[in-house]
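J.: So that we are looking at the same thing, I have put the structure below in C-alpha coordinates.
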Amino acid sequence: MRKIVFATNNQHKLDEVRAALGEEWTLLTPRDCGITEEIPETSDTLEGNALQKAQYIYSRTGLDCFADDTGLEVEALGGAPGVHSARYATDDHDFAANTALLLRNLEGVVNRRARFRTAIALIMNGVVSMFEGCVSGVITEAPSGEGGFGYDPVFRPDGFDRTFAQMSREEKNAISHRGRAVAELARFLSDDGPQPVAIREVQNGPDNKKIFFSVKMKR
Ligand code: ITT
(Lines give C-alpha, C1' and ligand atoms only; values in the text may rest on other atoms or scores of the structure.)
Protein backbone atom coordinates (compact mmCIF):
# COMPACT_ATOMS: atom_id res chain seq x y z
CA MET A 1 0.00 0.00 0.00
CA ARG A 2 1.27 3.46 -0.88
CA LYS A 3 0.92 6.38 1.50
CA ILE A 4 0.00 9.94 0.67
CA VAL A 5 -1.24 12.85 2.78
CA PHE A 6 -4.58 14.46 1.88
CA ALA A 7 -4.52 17.99 3.27
CA THR A 8 -8.07 18.25 4.53
CA ASN A 9 -9.89 18.47 7.84
CA ASN A 10 -13.21 17.69 6.20
CA GLN A 11 -14.24 14.09 7.04
CA HIS A 12 -16.84 13.99 4.23
CA LYS A 13 -14.18 14.81 1.65
CA LEU A 14 -11.82 12.26 3.15
CA ASP A 15 -14.47 9.53 2.88
CA GLU A 16 -15.27 10.48 -0.72
CA VAL A 17 -11.65 10.57 -1.84
CA ARG A 18 -10.74 7.37 0.02
CA ALA A 19 -13.54 5.58 -1.85
CA ALA A 20 -12.48 7.11 -5.18
CA LEU A 21 -8.74 6.33 -4.90
CA GLY A 22 -9.30 2.73 -3.83
CA GLU A 23 -7.43 0.36 -1.57
CA GLU A 24 -4.02 0.75 -3.13
CA TRP A 25 -3.61 4.06 -1.32
CA THR A 26 -3.47 4.78 2.39
CA LEU A 27 -4.62 8.35 2.92
CA LEU A 28 -3.03 10.14 5.87
CA THR A 29 -4.59 13.29 7.29
CA PRO A 30 -2.73 16.35 8.58
CA ARG A 31 -3.67 15.19 12.08
CA ASP A 32 -1.97 11.82 11.41
CA CYS A 33 1.19 13.87 10.75
CA GLY A 34 0.86 15.92 13.96
CA ILE A 35 -0.56 18.99 12.21
CA THR A 36 -3.58 20.14 14.20
CA GLU A 37 -3.79 23.85 13.34
CA GLU A 38 -6.02 25.12 10.55
CA ILE A 39 -4.12 25.15 7.26
CA PRO A 40 -4.12 28.64 5.71
CA GLU A 41 -6.25 29.24 2.58
CA THR A 42 -5.74 32.88 1.68
CA SER A 43 -5.58 32.81 -2.12
CA ASP A 44 -8.32 34.31 -4.27
CA THR A 45 -8.41 31.29 -6.57
CA LEU A 46 -9.26 27.61 -6.02
CA GLU A 47 -5.97 26.59 -7.62
CA GLY A 48 -4.01 28.94 -5.35
CA ASN A 49 -5.70 27.60 -2.23
CA ALA A 50 -5.17 23.95 -3.22
CA LEU A 51 -1.51 24.67 -3.84
CA GLN A 52 -1.15 26.63 -0.62
CA LYS A 53 -2.60 23.74 1.42
CA ALA A 54 -0.44 21.12 -0.31
CA GLN A 55 2.69 23.25 0.09
CA TYR A 56 1.96 23.75 3.77
CA ILE A 57 1.84 19.99 4.35
CA TYR A 58 4.88 19.36 2.17
CA SER A 59 6.97 22.00 3.92
CA ARG A 60 6.03 20.56 7.32
CA THR A 61 6.36 16.84 6.52
CA GLY A 62 8.34 16.38 3.29
CA LEU A 63 5.78 13.71 2.38
CA ASP A 64 3.99 13.28 -0.93
CA CYS A 65 0.65 15.03 -0.53
CA PHE A 66 -2.30 16.63 -2.25
CA ALA A 67 -5.01 19.14 -1.40
CA ASP A 68 -8.22 20.18 -3.05
CA ASP A 69 -10.27 23.33 -3.01
CA THR A 70 -13.83 23.44 -4.22
CA GLY A 71 -16.18 26.26 -5.04
CA LEU A 72 -19.80 26.51 -6.08
CA GLU A 73 -20.02 28.98 -8.96
CA VAL A 74 -23.53 30.36 -9.53
CA GLU A 75 -24.12 32.07 -12.88
CA ALA A 76 -26.70 34.62 -11.71
CA LEU A 77 -24.40 35.64 -8.82
CA GLY A 78 -21.43 36.30 -11.09
CA GLY A 79 -19.63 33.12 -9.98
CA ALA A 80 -20.24 33.59 -6.23
CA PRO A 81 -19.80 32.09 -3.71
CA GLY A 82 -16.86 30.54 -5.62
CA VAL A 83 -13.63 30.57 -3.68
CA HIS A 84 -15.59 31.90 -0.67
CA SER A 85 -17.98 28.90 -0.57
CA ALA A 86 -16.90 27.68 2.89
CA ARG A 87 -17.39 31.08 4.54
CA TYR A 88 -20.26 32.48 2.48
CA ALA A 89 -22.61 33.22 5.39
CA THR A 90 -20.32 33.09 8.44
CA ASP A 91 -16.72 32.31 9.37
CA ASP A 92 -17.68 28.91 10.75
CA HIS A 93 -18.05 26.62 7.71
CA ASP A 94 -21.76 26.51 8.61
CA PHE A 95 -23.31 24.41 5.82
CA ALA A 96 -26.94 25.21 6.74
CA ALA A 97 -26.33 28.96 7.01
CA ASN A 98 -24.43 29.00 3.69
CA THR A 99 -27.23 27.16 1.94
CA ALA A 100 -29.91 29.41 3.44
CA LEU A 101 -28.03 32.54 2.29
CA LEU A 102 -27.62 31.11 -1.20
CA LEU A 103 -31.36 30.41 -1.49
CA ARG A 104 -32.13 33.90 -0.17
CA ASN A 105 -29.84 35.51 -2.73
CA LEU A 106 -31.54 33.52 -5.51
CA GLU A 107 -35.10 34.30 -4.44
CA GLY A 108 -37.13 35.14 -7.56
CA VAL A 109 -34.11 34.51 -9.81
CA VAL A 110 -34.99 32.48 -12.91
CA ASN A 111 -31.47 31.54 -14.02
CA ARG A 112 -30.38 28.94 -11.46
CA ARG A 113 -27.43 27.53 -13.44
CA ALA A 114 -24.39 26.67 -11.32
CA ARG A 115 -21.38 24.44 -11.29
CA PHE A 116 -19.10 22.91 -8.71
CA ARG A 117 -15.42 23.15 -9.57
CA THR A 118 -12.59 21.35 -7.78
CA ALA A 119 -8.88 22.07 -8.15
CA ILE A 120 -6.39 19.53 -6.82
CA ALA A 121 -2.70 20.25 -6.25
CA LEU A 122 -0.45 17.20 -5.93
CA ILE A 123 3.15 17.40 -4.72
CA MET A 124 4.96 14.22 -5.57
CA ASN A 125 8.72 13.93 -5.27
CA GLY A 126 8.74 17.71 -4.87
CA VAL A 127 6.98 18.38 -8.19
CA VAL A 128 3.55 20.04 -8.40
CA SER A 129 0.81 18.74 -10.69
CA MET A 130 -2.65 20.29 -10.96
CA PHE A 131 -5.96 18.57 -11.75
CA GLU A 132 -9.49 19.89 -12.20
CA GLY A 133 -13.03 18.54 -12.20
CA CYS A 134 -16.40 20.25 -12.82
CA VAL A 135 -20.06 19.35 -12.76
CA SER A 136 -22.86 21.59 -14.00
CA GLY A 137 -26.42 21.73 -12.74
CA VAL A 138 -28.99 23.97 -11.10
CA ILE A 139 -29.70 25.34 -7.63
CA THR A 140 -33.07 24.01 -6.48
CA GLU A 141 -35.75 26.16 -4.83
CA ALA A 142 -35.44 24.30 -1.50
CA PRO A 143 -33.09 21.74 0.12
CA SER A 144 -33.78 18.01 -0.45
CA GLY A 145 -31.96 14.97 0.87
CA GLU A 146 -29.85 14.02 3.86
CA GLY A 147 -26.64 12.74 2.25
CA GLY A 148 -23.42 14.52 1.29
CA PHE A 149 -22.47 17.85 2.82
CA GLY A 150 -22.21 21.57 2.12
CA TYR A 151 -24.45 22.73 -0.72
CA ASP A 152 -25.38 19.17 -1.77
CA PRO A 153 -29.07 19.47 -0.71
CA VAL A 154 -29.64 22.37 -3.16
CA PHE A 155 -27.50 21.22 -6.12
CA ARG A 156 -29.15 19.09 -8.80
CA PRO A 157 -26.66 17.94 -11.45
CA ASP A 158 -27.68 18.04 -15.13
CA GLY A 159 -29.38 14.85 -16.29
CA PHE A 160 -30.71 13.92 -12.83
CA ASP A 161 -33.96 14.58 -10.98
CA ARG A 162 -32.30 14.38 -7.56
CA THR A 163 -29.88 16.58 -5.64
CA PHE A 164 -26.41 15.36 -4.64
CA ALA A 165 -27.80 14.94 -1.11
CA GLN A 166 -30.33 12.43 -2.45
CA MET A 167 -27.62 10.26 -4.04
CA SER A 168 -25.43 7.55 -2.58
CA ARG A 169 -21.76 8.40 -2.15
CA GLU A 170 -20.93 6.15 -5.14
CA GLU A 171 -23.49 7.88 -7.36
CA LYS A 172 -22.21 11.32 -6.41
CA ASN A 173 -18.54 10.32 -6.78
CA ALA A 174 -19.16 8.96 -10.28
CA ILE A 175 -20.22 12.37 -11.66
CA SER A 176 -19.10 14.98 -9.15
CA HIS A 177 -16.49 17.73 -9.49
CA ARG A 178 -14.28 16.07 -6.85
CA GLY A 179 -14.90 12.57 -8.23
CA ARG A 180 -13.77 13.75 -11.67
CA ALA A 181 -10.71 15.60 -10.37
CA VAL A 182 -9.76 12.62 -8.19
CA ALA A 183 -10.18 10.27 -11.16
CA GLU A 184 -7.60 12.40 -13.02
CA LEU A 185 -5.34 12.29 -9.98
CA ALA A 186 -5.79 8.51 -9.67
CA ARG A 187 -4.95 8.02 -13.36
CA PHE A 188 -1.79 10.08 -12.88
CA LEU A 189 -0.79 8.18 -9.74
CA SER A 190 -1.41 4.76 -11.24
CA ASP A 191 0.53 5.34 -14.46
CA ASP A 192 3.63 3.16 -14.42
CA GLY A 193 7.01 4.09 -15.72
CA PRO A 194 8.63 7.46 -16.27
CA GLN A 195 6.19 10.23 -17.10
CA PRO A 196 6.85 12.50 -20.04
CA VAL A 197 6.39 15.92 -18.47
CA ALA A 198 6.99 19.47 -19.50
CA ILE A 199 8.10 21.64 -16.60
CA ARG A 200 7.19 25.29 -16.56
CA GLU A 201 8.16 27.68 -13.85
CA VAL A 202 5.62 29.98 -12.20
CA GLN A 203 6.81 32.85 -10.06
CA ASN A 204 3.71 34.05 -8.26
CA GLY A 205 2.69 31.20 -5.98
CA PRO A 206 1.82 31.69 -2.32
CA ASP A 207 4.55 33.58 -0.45
CA ASN A 208 6.02 34.49 -3.86
CA LYS A 209 7.89 31.21 -3.89
CA LYS A 210 8.88 29.70 -7.20
CA ILE A 211 6.56 26.87 -8.07
CA PHE A 212 7.29 24.24 -10.66
CA PHE A 213 4.27 22.80 -12.42
CA SER A 214 4.60 19.54 -14.25
CA VAL A 215 2.24 19.25 -17.17
CA LYS A 216 1.82 15.67 -18.29
CA MET A 217 2.11 15.27 -22.04
CA LYS A 218 -0.24 13.03 -23.98
CA ARG A 219 1.55 9.87 -25.07
P1 ITT B 1 -10.79 21.63 3.78
O2 ITT B 1 -10.34 23.00 3.35
O3 ITT B 1 -10.37 21.26 5.16
O4 ITT B 1 -10.45 20.56 2.78
P5 ITT B 1 -13.50 22.74 3.43
O6 ITT B 1 -14.81 22.28 4.00
O7 ITT B 1 -13.04 24.12 3.73
O8 ITT B 1 -12.41 21.63 3.82
P9 ITT B 1 -13.39 23.49 0.58
O10 ITT B 1 -12.69 24.72 0.96
O11 ITT B 1 -12.81 22.67 -0.53
O12 ITT B 1 -13.61 22.54 1.87
O13 ITT B 1 -14.87 23.74 0.14
C14 ITT B 1 -15.49 24.97 0.38
C15 ITT B 1 -16.94 24.75 0.68
O16 ITT B 1 -17.59 24.34 -0.52
C17 ITT B 1 -17.26 23.67 1.72
O18 ITT B 1 -17.22 24.18 3.02
C19 ITT B 1 -18.66 23.27 1.31
O20 ITT B 1 -19.61 24.17 1.81
C21 ITT B 1 -18.61 23.43 -0.21
N22 ITT B 1 -18.33 22.15 -0.85
C23 ITT B 1 -17.12 21.63 -1.16
N24 ITT B 1 -17.26 20.44 -1.75
C25 ITT B 1 -18.59 20.20 -1.79
C26 ITT B 1 -19.39 19.13 -2.26
O27 ITT B 1 -18.86 18.05 -2.80
N28 ITT B 1 -20.71 19.21 -2.15
C29 ITT B 1 -21.30 20.29 -1.59
N30 ITT B 1 -20.62 21.34 -1.11
C31 ITT B 1 -19.28 21.30 -1.22
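J.: In region 1-24, which residues are within 15 Å of the ligand (Cβ to nearest atom) and over 13 Å from Leu185 (Cα atoms)?
T.: Correct list: Val5, Ala7, Thr8, Asn9, Asn10, Gln11, His12, Lys13, Leu14, Asp15, Glu16, Ala19.
J.: Please work out if Thr90 is surrounded by fewer than 15 Cβ atoms within 10 Å (Cβ to Cβ), among the polar types (S, T, N, Q) and within 12 Å of the ligand (Cβ to nearest atom).
T.: yes
J.: Same structure again: Just one of the numbered conditions (1) open to solvent by 50 Å² or more (accessible area, probe 1.4 Å); (2) within 30 Å of Asp64 (Cα to Cα); (3) within 13 Å of the ligand (Cβ to nearest atom) is not true of Lys172; which one?
T.: Here Lys172 meets the rest and fails (1).
J.: Further question on the same structure: Within region 55-81, take every residue that is in a loop (DSSP other than H, G, I, E, B) and among the aliphatic types (A, V, I, L, M) and give me the one that is nearest to the chain's Cα centre (by Cα).
T.: Ala80
J.: Also: Based on what the data block shows, is Phe95 in contact with a strand residue (DSSP E or B) (Cβ under 6 Å, 6 or more places away or on another chain) and either within 14 Å of the ligand (Cβ to nearest atom) or more than 16 Å from Glu47 (Cβ to Cβ) (or both)?
T.: no
J.: Give me the pairs: first residue in region 175-195 and more than 11 Å from the ligand (Cβ to nearest atom) and open to solvent by 40 Å² or more (accessible area, probe 1.4 Å), second residue of a type outside the set (D, E, K, R) and at pLDDT below 90, beta-carbon distance under 8 Å, and six or more apart or on different chains, which are they?
T.: These pairs meet every condition: Ala183/Ala20; Gln195/Ser214.
J.: Considering every residue within region 102-120, establish whether at least one is surrounded by 16 or more Cβ atoms within 10 Å (Cβ to Cβ), away from the ligand (no atom under 15 Å from the Cβ), closer than 28 Å to Trp25 by Cα and of a type in the set (S, T, N, Q).
T.: Looking for residues that are surrounded by 16 or more Cβ atoms within 10 Å (Cβ to Cβ), away from the ligand (no atom under 15 Å from the Cβ), closer than 28 Å to Trp25 by Cα and of a type in the set (S, T, N, Q), one finds none in region 102-120, hence no.
J.: Which strands (runs of 3 or more DSSP E) does region 88-169 wholly contain that include 1 or more residues that are within 22 Å of Leu14 (Cα to Cα) and acidic (Asp, Glu)?
T.: 127-139
J.: How about region 59-81: which of its residues are under 10 Å from Ala114 (Cα atoms) and within 14 Å of the ligand (Cβ to nearest atom)?
T.: Once the filter is applied, which keeps residues that are under 10 Å from Ala114 (Cα atoms) and within 14 Å of the ligand (Cβ to nearest atom), region 59-81 yields Leu72, Glu73, Val74, Gly79, Ala80.
J.: Evaluate region 27-47: report whether one residue or more is closer than 17 Å to Arg178 by Cα, within 16 Å of the chain's Cα centre (by Cα) and within 11 Å of the ligand (Cβ to nearest atom).
T.: If we filter region 27-47 for residues that are closer than 17 Å to Arg178 by Cα, which is where we start, we get 27, 45-47.
After this cut, where a residue has to be within 16 Å of the chain's Cα centre (by Cα) as well, the list is 27, 45-47.
Cutting the leftovers down to within 11 Å of the ligand (Cβ to nearest atom) gives us 46.
Yes.
J.: Please count how many residues of region 39-72 are open to solvent by 40 Å² or more (accessible area, probe 1.4 Å) and in contact with a Lys or Arg (Cβ under 7 Å, 6 or more places away or on another chain).
T.: Of the residues in that region, 1 qualify.
J.: Right, next: Report, by residue number, each residue of region 121-138 that is more than 16 Å from Ala80 (Cα to Cα), polar (S, T, N, Q) and either out of contact with any Phe, Trp or Tyr (no Cβ under 7 Å at 6 or more places or on another chain) or open to solvent by 10 Å² or more (accessible area, probe 1.4 Å) (or both).
T.: Asn125
J.: Continuing with the same structure: Within region 26-38, track down each residue that is open to solvent by 50 Å² or more (accessible area, probe 1.4 Å) and outside any helix (DSSP H, G or I).
T.: Gly34, Thr36, Glu37, Glu38
The values are calculated or read from the model by the stated rules, or taken from the named source; none is laboratory data. Remember, predicted model here, so these are calculated numbers, not experimental data. So basically every Cβ, Gly included, is an ideal-geometry build from the backbone, and we count neighbours across all protein chains shown. Side chains are part of the model used for accessible areas, which takes the heavy atoms of the whole protein and leaves out ligands, DNA and RNA. Shrake-Rupley method; radii C 1.70, N 1.55, O 1.52, S 1.80 Å.
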